[in-house]
Amino acid sequence: MLSQTSRVSFLIFVNSGSDGTSVTWDHELTHAMKRIFFWKHLIIFILLLQGSCKTKDKNISSEEIKSINLKRGEIVLCGPADKQFGTVQFDISCSKEVKNTFNLAMALLHSFEYDEAEKVFTKIIDQEPGCAMAYWGVAMCNYHPLWAPPGPTELIKGSKVIELAESLNSIPERESGYIHAIAAYYKDWEKADQHTRCIRYEKAMEKLYTQYPGDHEAAIFYALSLDAAADPSDKTFAFQKKAGAILNAIYPNEPNHPGIVHYIIHTYDYPGLAELALPAARKYASVAPASAHAQHMPSHIFTRLGLWDECISSNLISTASAKCYAENAGLKGHWDEEFHGMDYLVYAYLQKGDDSLAKAQWDYLRTIREVYPANFKVAYAFAAIPARYVLENRMWKEAATLEIYPGSFPWDKFPWEKAIIHFTRLLGAVHAGLMDSAVSELDKLKTLRDTLLRQKNTYKANQVDIQIMASEAWMLFKAGKYSSALEHMISAADMEDATEKNPVTPGEVIPARELLADMLLEMGYKEKALTAYQEDLVAHPNRFNGLYGAGLASEKCGDRKNAIFYYHQLSDISAVHSARPGLRTARLFLNSP
């Protein structure tokens with residue numbers, strides 16, 4: 001109660017109608033009303049805030065999680081006892097109890113161990129359903145940007161987990177950026193093609209990378225998105241060079257990060273750039289020795305540079321690790337990663353002229369009946385391994401009758417891979433003089449090309465077009481139409497030079513420019529043949545038949561110095577016990593006075 005002397009009058013006019021009424025309120029009463037007004041509005045604000053929080057902190061039910069059919073189980077990989085996958089430190093807002101687990105999942109993701117990474121992200125979701133970045137991780141596991149595009153099952157799963165992640169609105173802005181970026185890839189996947197969605201993701205990651213310049217993970221994933229969005233026909237390699245600059249800037253500070261060394265290899269997996277990735281290639285296997293893919297991936301660069309012994313060593317370890325994984329994981333059949341390594345292994349053996357070891361791999365391939373998963377890597381190896389063996393050895397009769405194996409494999413899903421067999425048969429038929437068979441095989445190639453066009457897979461359709469053009473060239477050549485034959489063969493070589501190989505393959509089953517050189521040599525254009533062999537060896541260094549052809553063309557040109565140079569290279573890369581006829585020719589020349 002205020003004292004009488006401190007009481008003051010407060011005059012307020014209240015409009016109560018036609019007359020103005022003067023009302024005097026006590027100061028004490030005014031304070032009371034102000035307090036009531038304050039607490040009333042504070043209570044309203046608190047209630048509104050609580051309501052808002054309830055909206056943001058949506059509880060994701062176990063039923064919602066189970067409906068997505070996430071991969072679960074313990075990690076199954078083969079490698080050192082300490083299970084090394086490299087070092088990743090990804091800062092997230094989830095509880096500290098799951099942060100180490102999250103970093104393990106990230107290390108697996110960076111080595112493309114997608115199944116195992118998803119298991120670990122799922123473990124986090126089960127433990128902490130409110131951890132939004134764990135859902136992001138599952139979406140990333142189903143994206144696999146540099147492999148075959150995800151199928152409907154993976155796209156549906158990725159879309160659903162992103163939907164759950166986005167329902168957890170009370171997450172930090174940076175994490176929301178990661179989630180929205182991969183959401184851009186999954187958006188409208190039924191309508192938008194793969195490349196369009198990869199571009200969307202790349203643009204979203206560029207924004208995140210720019211917004212958080214100190215976030216190394218944003219930089220690493222942005223670099224990977226550039227590789228995925230790159231145009232295969234862009235010979236300036238603009239996206240790849242930008243990605244390489246980003247990764248190389250971070251690498252000195254994080255030399256044990258699996259993603260950095262891994263993506264440097266992918267970034268420079270091109271002629272003219274491969275040398276830049278050699279240090280990373282020789283480092284990656286030791287960074288993540290428990291990953292079969294980490295053991296294999298360096299061989300991409302070893303193959304580009306013609307380092308056959310290193311390629312063989314890499315893939316012997318990789319295929320052994322893949323076999324171990326299949327056994328320990330209880331897979332029904334062989335794991336696809338084994339097939340990928342086998343194709344690179346056979347390619348390297350053949351370039352050393354080590355046909356006995358290459359044939360042993362082909363024989364082993366023919367014992368395999370079941371695979372997991374039955375995907376493009378498996379289809380490619382089933383087709384390419386036998387094709388390489390007969391074509392590299394110029395076994396034309398065997399090539400003409402090459403079987404599609406195994407017959408139970410879903411070949412209709414893989415028209416590009418199937419085309420390899422028909423291309424091999426056609427070349428074999430032409431050289432064996434079986435022109436009716438060659439015409440039949442050409443029709444099949446055109447049907448497969450048309451199938452790929454209907455599927456809007458222009459890259460693979462173009463690859464088959466190159467085979468068609470080369471096939472027609474040799475058919476014209478055998479018909480005595482030499483001018484037209486050369487026009488077709490030059491077009492095929494130029495088409496192949498204008499596009500890059502798919503990462504699934506160590507190289508074409510037989511390069512188009514090498515075929516052009518062979519044709520020129522048979523026509524007697526020895527100088528032009530030498531030039532074509534030399535040009536092909538720039539893109540395919542230390543190829544056995546390329547070196548032999550260059551040496552033979554030099555010899556026919558009377559250029560003994562060049563012949564010695566190429567024959568010496570051939571002798572140096574070849575296995576001591578090789579029985580390849582070309583090697584015998586080279587060594588006889590080198591030993592001649």
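Is region 411-429 home to any residue that is surrounded by fewer than 19 Cβ atoms within 10 Å (Cβ to Cβ) and over 19 Å from THR505 (Cβ atoms)?
yes
Restricting attention to region 509-516, does a residue exist that is in contact with a Lys or Arg (Cβ under 6 Å, 6 or more places away or on another chain), among the acidic types (Asp, Glu), at pLDDT 95 or above and surrounded by 15 or more Cβ atoms within 10 Å (Cβ to Cβ)?
no
Filter region 548-593 down to the residues that are surrounded by 12 or more Cβ atoms within 10 Å (Cβ to Cβ) and β-branched (Val, Ile, Thr), then identify the one that is farthest from ASN393 (Cα to Cα).
Filtering first and then ranking leaves ILE564.
Does THR236 meet the test of being hydroxyl-bearing (Ser, Thr, Tyr), within 30 Å of MET495 (Cα to Cα) and in contact with an Asp or Glu (Cβ under 7 Å, 6 or more places away or on another chain)?
no
If I ask for residues that are modelled with pLDDT of 95 or more and aliphatic (A, V, I, L, M), which ones from region 321-334 would you list?
Within region 321-334, no residue meets the criteria.
Return the pairs, sorted by first residue and then second, in which the second residue is acidic (Asp, Glu), the first residue lies in region 100-124 and is assigned by TED's automatic domain parsing to the domain that holds CYS78, the beta carbons are less than 6 Å apart, and the residues are 6+ apart or on different chains.
Here the result reads LEU108/GLU116, each pair linking region 100-124 to a residue that is acidic (Asp, Glu).
Of all residues in region 276-320 being of a type in the set (Ser, Thr, Tyr) and assigned to a helix (DSSP H, G or I), which is surrounded by the fewest Cβ atoms within 10 Å (Cβ to Cβ)?
Taking the candidates together, the pick is SER286.
Looking at region 466-492, which of its residues are crowded, with 20+ Cβ neighbours inside 10 Å and either of a type in the set (Asp, Glu) or not in a helix (DSSP H, G or I) (or both)?
Residue satisfying the conditions is GLU472 alone.
Within region 533-581, work out how many residues are among the aliphatic types (A, V, I, L, M) and under 33 Å from the mean Cα position of the chain (by Cα).
Final tally of qualifying residues: 7.
Taking the condition under 23 Å from the mean Cα position of the chain (by Cα), assigned to a helix (DSSP H, G or I) and under 28 Å from GLN194 (Cβ atoms), does ASP450 pass?
For ASP450, the condition - under 23 Å from the mean Cα position of the chain (by Cα), assigned to a helix (DSSP H, G or I) and under 28 Å from GLN194 (Cβ atoms) - is not met.
Sort out which residues of region 208-238 are in a helix (DSSP H, G or I), of a type outside the set (A, V, I, L, M, F, W, C) and over 18 Å from MET140 (Cα atoms), and write them in order of number.
Matches in region 208-238: THR210, GLN211.
The values are calculated or read from the model by the stated rules, or taken from the named source; none is laboratory data. Values in this document were obtained by computation on a predicted structure and should not be read as measured data. Here Cβ is always computed from backbone atoms with ideal geometry, including for glycine, and neighbour counts include all displayed protein chains.
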